[in-house]
1. In the list GLY28, GLY58, GLY23, GLY6, which residue meets the criterion of being in contact (Cβ under 8 Å) with a residue 12 or more places away in the chain and part of a helix (DSSP H, G or I)?
2. Can you tell me how many residues in region 1-38 are open to solvent by 80 Å² or more (accessible area, probe 1.4 Å) and of a type in the set (A, V, I, L, M)?
3. Can we say SER35 is in a helix (DSSP H, G or I) and polar (S, T, N, Q)?
4. Is there a residue in region 53-72 that is of a type in the set (Val, Ile, Thr), open to solvent by less than 100 Å² (accessible area, probe 1.4 Å), more than 19 Å from the chain's Cα centre (by Cα) and modelled with pLDDT under 85?
5. Would you be able to tell me the number of residues in region 39-52 that are surrounded by 10 or more Cβ atoms within 10 Å (Cβ to Cβ) and either at pLDDT below 85 or of a type in the set (Lys, Arg) (or both)?
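The values are calculated or read from the model by the stated rules, or taken from the named source; none is laboratory data. A quick note: this is a predicted structure, and the numbers were derived from the prediction, not measured. Ideal geometry is used to build each Cβ from the backbone, glycine not excepted, and the neighbour counts take in all protein chains shown. Just the protein is used for accessible areas: all its heavy atoms, side chains included, with ligands, DNA and RNA removed. Shrake-Rupley method; radii C 1.70, N 1.55, O 1.52, S 1.80 Å.
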Amino acid sequence: MPSSAGRIGINIRFLQRMGTQTGEAVAGGAVDDMSDTIVQIALVLLTLPFVDLAVNKGDLKLSAPSGRLITSVVLVLVACS
């Protein structure tokens with residue numbers, strides 16, 4: 001969502017600078033975002049028949065991460081800040 005909001009804002013501002021009224025620019029941004037969403041949904045639906053969705057629950061192993069991994073992540077975060 002943040003990238004969509006930013007793209008819409010930039011498109012609206014661009015259209016305003018080109019002389020378009022604010023209402024028209026907002027409507028154009030909404031149409032652009034809606035068409036993008038529709039195309040993404042259509043692509044997902046078109047690819048679903050080609051994807052094998054069988055999931056073997058026996059292969060899933062849920063366990064907590066090791067203490068060594070957690071310590072490493074915390075140290076990296078501390079070093080970065």
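1. Working: GLY58 fails: in contact (Cβ under 8 Å) with a residue 12 or more places away in the chain; GLY23 fails: in contact (Cβ under 8 Å) with a residue 12 or more places away in the chain; GLY6 fails: in contact (Cβ under 8 Å) with a residue 12 or more places away in the chain.
That would be GLY28, the only listed residue that is in contact (Cβ under 8 Å) with a residue 12 or more places away in the chain and part of a helix (DSSP H, G or I).
2. Number satisfying all stated conditions: 6.
3. Numbers: in a helix (DSSP H, G or I): yes; polar (S, T, N, Q): yes.
The answer is yes for SER35.
4. Of all residues in region 53-72, those of a type in the set (Val, Ile, Thr) come to 55, 70-71.
From what is left, the residues that are open to solvent by less than 100 Å² (accessible area, probe 1.4 Å) are 70-71.
With more than 19 Å from the chain's Cα centre (by Cα) added as a condition, the list becomes 70-71.
Imposing the further condition that a residue be modelled with pLDDT under 85 reduces the set to none.
Among the residues of region 53-72, not one is of a type in the set (Val, Ile, Thr), open to solvent by less than 100 Å² (accessible area, probe 1.4 Å), more than 19 Å from the chain's Cα centre (by Cα) and modelled with pLDDT under 85, which makes the answer no.
5. Of the residues in that region, 0 qualify.
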